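Below is one structure, written out as structure tokens; comments come after it.
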Amino acid sequence: TYHFNRKKNLGDIINYLGESTRPFVEGEALFNAGHITKCGFADTNNIILGWCLQTSALNREPHAIRIQLHPNLKKWMCHCSCKAGAGGKCKHIMGVLIFVYNNEVEYLSCTDVQQVWGKRKLDIYNEPTQTFEELCHVQEKPRCCSQVHEHVPNILRDLMEGNSLLYL
């Protein structure tokens with residue numbers, strides 16, 4: 001197993017990233033903005049789980065990041081739920097690695113993981129709501145107008161006498 005030593009592993013993070021510096025710079029910005037909402041080790045010290053707010057939609061489910069570390073950097077397996085995360089080097093992954101480098105992270109319990117997945121940001125519950133009538137697509141049937149009610153006795157009389165109802 002690989003033990004992540006936060007005091008000496010910044011070089012590993014930079015070496016893992018390779019030539020591209022953009023994910024590192026953007027990941028650092030995510031870290032500095034406080035967008036890494038939860039981060040910690042899974043049941044072993046070489047698997048890091050993290051969650052990062054979506055920068056384009058802060059009220060939606062956070063991106064889920066899973067990083068499996070290995071002594072050989074080429075065997076690091078990183079994945080993020082974002083569109084660029086399959087490549088293993090997106091800004092969210094870098095943000096989580098920077099978070100781990102800068103903080104003492106603990107082991108996550110299974111309830112920690114469930115709580116992150118099950119929670120939505122409270123702000124979405126503060127959005128304006130609509131009444132049922134505003135949401136309903138079925139138009140209410142128009143009620144009979146008072147003119148029809150005034151004519152009911154005449155209509156009934158004309159029907160009984162066999163007269164035409166053309167005056168309506």
Taking segment 36-60 as the region of interest, how many residues are over 19 Å from G87 (Cβ atoms), in a loop (DSSP other than H, G, I, E, B) and modelled with pLDDT under 90? 9
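A quick yes/no check of all residues on (1) outside any loop (DSSP other than H, G, I, E, B); (2) in contact (Cβ under 8 Å) with a residue 60 or more places away in the chain; (3) surrounded by fewer than 21 Cβ atoms within 10 Å (Cβ to Cβ):
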site	(1), (2), (3)
I13	yes, yes, yes
E19	no, no, yes
G34	no, no, yes
I65	yes, no, no
L97	yes, yes, no
Conditions (1) at pLDDT 90 or above; (2) within 20 Å of G11 (Cα to Cα): number failed by K74: (1)
Residue count, segment 54-63, condition touching a Ser or Thr at 6+ places or on another chain (Cβ under 9 Å) and in contact (Cβ under 8 Å) with a residue 40 or more places away in the chain, comes to 2
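Quick grid of which residues meet (1) under 27 Å from T111 (Cβ atoms); (2) in contact with a Lys or Arg (Cβ under 7 Å, 6 or more places away or on another chain):
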{"position": "L30", "(1), (2)": "yes, yes"}
{"position": "F41", "(1), (2)": "yes, no"}
{"position": "R60", "(1), (2)": "yes, no"}
{"position": "A64", "(1), (2)": "yes, no"}
{"position": "I67", "(1), (2)": "yes, no"}
{"position": "K89", "(1), (2)": "no, no"}
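The values are calculated or read from the model by the stated rules, or taken from the named source; none is laboratory data. These numbers were taken from a predicted model, which means no experiment stands behind them. Here the Cβ is made from the backbone with ideal geometry for all residues, glycine too, and neighbour counts use every protein chain on show.
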